[in-house]
Each structure stands twice: as C-alpha cells, then as structure tokens.
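The values are calculated or read from the model by the stated rules, or taken from the named source; none is laboratory data. In this text the structure is predicted, and so the values were computed from the model without any measurement. Counting neighbours? That spans all protein chains shown, and the Cβs are built from the backbone with ideal geometry, glycine included.
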Amino acid sequence: MAELSKLCRIGDLDLVREAEVSSLGFVDIELEHRLVFAKTEEFAALADTAPGISAVLVSTELSDFGWRDGLGVATAPEPDRAFVRLHNHLATKTDFYETANVNDIDPGAEIHPKAHIDKHGVVIGPDCRVGAGAVVLQGSKLGHGVHIMPGAVIGGSGFQTLGTEAGMIDVEHAGSVVIGDGTTVMANAVIARAVFRQATVIGKDCRIGNGAFVSHNCRVGSHCLIGHGAVVAGNTEVGTHAVIGPGAVLIDRITVGDGANVTAGAVVTRSVAPGQRVSGNFASEHSDFIRALKERGTS
C-alpha cells in the first residue's frame with residue numbers, strides 16, 4: 001500500500017484528499033484499493049460508486065464533484081496522461097508492482113541455449129521445455145511440464161494505448177502470466193502479461209496454436225484449444241474445455257462459456273454461452289449461420 005500523497009509527488013499531481021492505494025487500474029476492472037482516472041462527469045460518477053476504488057485522479061474542474069467519504073482525490077490538467085505516466089514510472093522505475101525476485105528455474109527444465117529468459121521474476125517448473133528463440137519475460141510463471149515452442153513469447157505486451165492530441169502513449173504491462181501444468185504454447189504464439197496488479201492465466205493442459213495471441217488480463221480455463229492464428233483480446237474469459245478455432249477473433253471483455261466452440265475464422269463480438277457453437281462474421285449460433293449460408297446460396 002502507498003499513500004496517495006506519495007504517488008502525487010512522483011507523478012506531479014495535486015493532492016486534494018489522502019487515501020491508501022495498492023494498485024493503479026481502470027474504473028471497469030476489479031482490483032482492490034486502486035487509483036483510477038476520470039475525465040468526465042459520467043466516469044466520475046462511476047468512480048464514486050464502483051467497488052474497490054480507493055482514489056480518483058481528475059481535472060481541477062471535477063475536484064469538487066461531491067465525492068463519497070473516504071475516497072482519495074488528486075488532480076492534474078490532463079488526468080488520463082498523468083495516470084499513464086505515473087503508472088509507467090511505477091512499473092519501470094520502482095518496485096511498486098513487483099519486486100524483481102531472483103529466477104526460480106527447476107533443474108529438470110530444458111531451456112534451449114538460444115532461448116531468452118529474463119534475469120529476474122521468472123518461475124519455470126519441473127519438466128518444462130523452452131525452445132530455440134522463445135522468450136520468457138519477467139512476471140512469467142510456468143507450471144509443471146509446460147512446453148514453450150520456438151519463437152513463442154511469454155509475458156509480452158498487448159495493445160493498451162492512450163491516444164491524445166500530443167500523440168500515443170503505450171501503457172506498460174506490469175502484471176504477470178501464469179501458465180498451468182501440461183500446457184503447450186506453440187511456435188510464435190504470444191501470451192501478454194496483465195497491465196496492472198493482475199495476471200493473465202492459461203489453465204492446465206491447454207494448447208495455444210502457432211501464431212496465436214492471448215492478450216492481457218485474459219483468463220483461459222483448463223483443457224482449452226486456441227487454434228493457430230487466433231486472437232483473444234484483453235480481459236476476455238474462456239471457460240474449461242472450450243475450443244477457439246484457427247483464425248478466430250474474440251473482442252475484449254467477453255465470456256466464452258465452458259465447452260463452447262468458436263469455429264475457424266469467426267469474429268466474436270458478444271459472450272458465448274456454455275456449450276454453444278458459433279460461426280461467422282459476426283459470429284452467431286452455428287446452425288443459424290449454416291441456414292443463412294444455404295438461403296444465400298438459393299437466392
């Protein structure tokens with residue numbers, strides 16, 4: 001936990017009301033004791049009522065919004081830019097998010113001499129295999145018997161970019177990646193670490209296909225198949241025994257239920273129920289998709 005006043009000194013913010021903060025985060029994610037930013041009255045109202053928020057960073061005009069008792073408040077001329085700059089500084093220049101512990105690599109793991117393993121903050125369990133050209137970055141934890149094939153990247157970054165009139169600012173990924181026992185990540189796939197004090201989680205005995213991308217804060221259940229070239233965007237939850245076909249695209253913040261099947265090339269823009277099979281662009285119930293194809297062919 002850190003006092004908001006200390007974060008204000010680091011980020012050149014003006015303190016209005018003190019609070020204790022354990023992480024930065026966005027309004028719509030679940031993190032306890034987090035500092036968020038709000039640019040509009042609409043988001044200020046959300047920040048004032050959403051659970052887990054300890055403090056809010058706003059413009060001077062919103063400093064007297066009528067905040068609930070106990071909520072910390074700080075101000076900056078451009079709260080979104082100030083928030084990202086503060087987070088990036090904390091992520092890269094301090095141990096606010098993570099102490100860079102010495103690596104814990106089991107002696108039974110097989111690491112190819114041409115693989116790259118960061119010097120700190122990596123855990124590799126027994127019987128793991130890491131292939132040539134694979135990259136395992138700080139904040140990555142591989143369970144028992146995990147296989148990382150050549151060229152795969154564990155702990156990379158996904159798109160979390162703030163666009164402003166002054167240009168783009170990329171948000172540092174300061175969280176972690178946890179890969180369950182027996183999972184295989186095939187060649188050139190990328191698993192992004194979480195952005196804040198969270199984890200991207202891949203369950204036990206999954207298969208992540210060649211060139212697939214699983215973005216930050218995703219949670220993939222055990223025994224899942226994510227096909228070659230598939231994209232699972234940030235903060236998406238995939239249940240157990242689900243199948244994501246080759247080339248499928250799942251947008252952010254949706255849920256794919258247990259045993260669901262997303263067929264090859266589908267573009268999924270809303271949650272998929274447990275056991276449901278969806279197809280197409282945009283994805284719909286598979287039987288409806290097939291019926292529409294037949295109708296199109298006879299029209």
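Any residue that is free of Cβ contacts under 8 Å to residues at least 40 places away in the same chain, outside any helix (DSSP H, G or I), of a type in the set (S, T, N, Q) and under 22 Å from Val171 (Cβ atoms) - is there at least one of those in region 14-29? No, the conditions are met nowhere in region 14-29.
Residues of region 31-85 that are part of a strand (DSSP E or B) and of a type outside the set (A, V, I, L, M): Arg34, Phe37, Ser54, Gly72, Thr75. Hey, any hits in region 157-171 for a residue that's in contact (Cβ under 8 Å) with a residue 40 or more places away in the chain, part of a strand (DSSP E or B), of a type in the set (Val, Ile, Thr) and surrounded by fewer than 20 Cβ atoms within 10 Å (Cβ to Cβ)? Within region 157-171, one or more residues are in contact (Cβ under 8 Å) with a residue 40 or more places away in the chain, part of a strand (DSSP E or B), of a type in the set (Val, Ile, Thr) and surrounded by fewer than 20 Cβ atoms within 10 Å (Cβ to Cβ).
The sole residue among Met186, Met168 that is under 24 Å from Arg129 (Cα atoms) and not polar (S, T, N, Q) is Met186.
Is region 77-92 home to any residue that is more than 24 Å from the chain's Cα centre (by Cα) and either in the same structural domain as Asn217 (by TED's automatic domain parsing) or not aromatic (Phe, Trp, Tyr) (or both)? Within region 77-92, one or more residues are more than 24 Å from the chain's Cα centre (by Cα) and either in the same structural domain as Asn217 (by TED's automatic domain parsing) or not aromatic (Phe, Trp, Tyr) (or both).
If only residues of region 86-102 that are in contact with a Gly (Cβ under 8 Å, 6 or more places away or on another chain) and modelled with pLDDT of 95 or more are counted, the one that is farthest from Cys128 (Cα to Cα) is Leu86.
Looking across region 48-63, the residues that are within 17 Å of Val16 (Cα to Cα) and either surrounded by 23 or more Cβ atoms within 10 Å (Cβ to Cβ) or of a type in the set (Ser, Thr, Tyr) (or both) come down to Ile53, Ser54, Ala55, Val56, Leu57, Val58, Ser59, Thr60, Ser63.
For every residue, the table says whether it meets (1) within 18 Å of Ser23 (Cβ to Cβ); (2) under 18 Å from the mean Cα position of the chain (by Cα).
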site	(1), (2)
Ile191	no, yes
Ala212	no, yes
His216	yes, yes
His223	no, no
Val232	no, yes
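Annotation: Leu57 fulfils all but one of (1) touching a residue at least 60 places away in the same chain (Cβ under 8 Å); (2) hydrophobic (A, V, I, L, M, F, W, C); (3) closer than 30 Å to Ile254 by Cα; the unmet one is (1).
Looking at the structure I just gave you, is Ala273 crowded, with 16+ Cβ neighbours inside 10 Å and modelled with pLDDT of 95 or more? Outline the logic, then answer.
Values: crowded, with 16+ Cβ neighbours inside 10 Å: no; modelled with pLDDT of 95 or more: yes.
No: the conditions fail for Ala273.
Checked against the criterion of being among the basic types (Lys, Arg), at pLDDT 95 or above and over 16 Å from His147 (Cα atoms), region 198-208 has no qualifying residue.
The sole residue among Val249, Val195, Val256, Val231 that is assigned by TED's automatic domain parsing to the domain that holds Arg277, buried (at least 22 other Cβ atoms within 10 Å of the Cβ) and in contact with a strand residue (DSSP E or B) (Cβ under 8 Å, 6 or more places away or on another chain) is Val256. Looking only at residues of region 19-30 that are farther than 18 Å from Thr94 by Cβ and surrounded by 15 or more Cβ atoms within 10 Å (Cβ to Cβ), we find that the one that is farthest from the chain's Cα centre (by Cα) is Ala19. Residues that are touching a Phe, Trp or Tyr at 6+ places or on another chain (Cβ under 7 Å) and of a type in the set (Ser, Thr, Tyr) do occur in region 261-278, at least one of them. Restricting attention to region 104-141, the residues that are surrounded by fewer than 18 Cβ atoms within 10 Å (Cβ to Cβ), in contact with a Lys or Arg (Cβ under 7 Å, 6 or more places away or on another chain) and not small (Gly, Ala, Ser) total 1.
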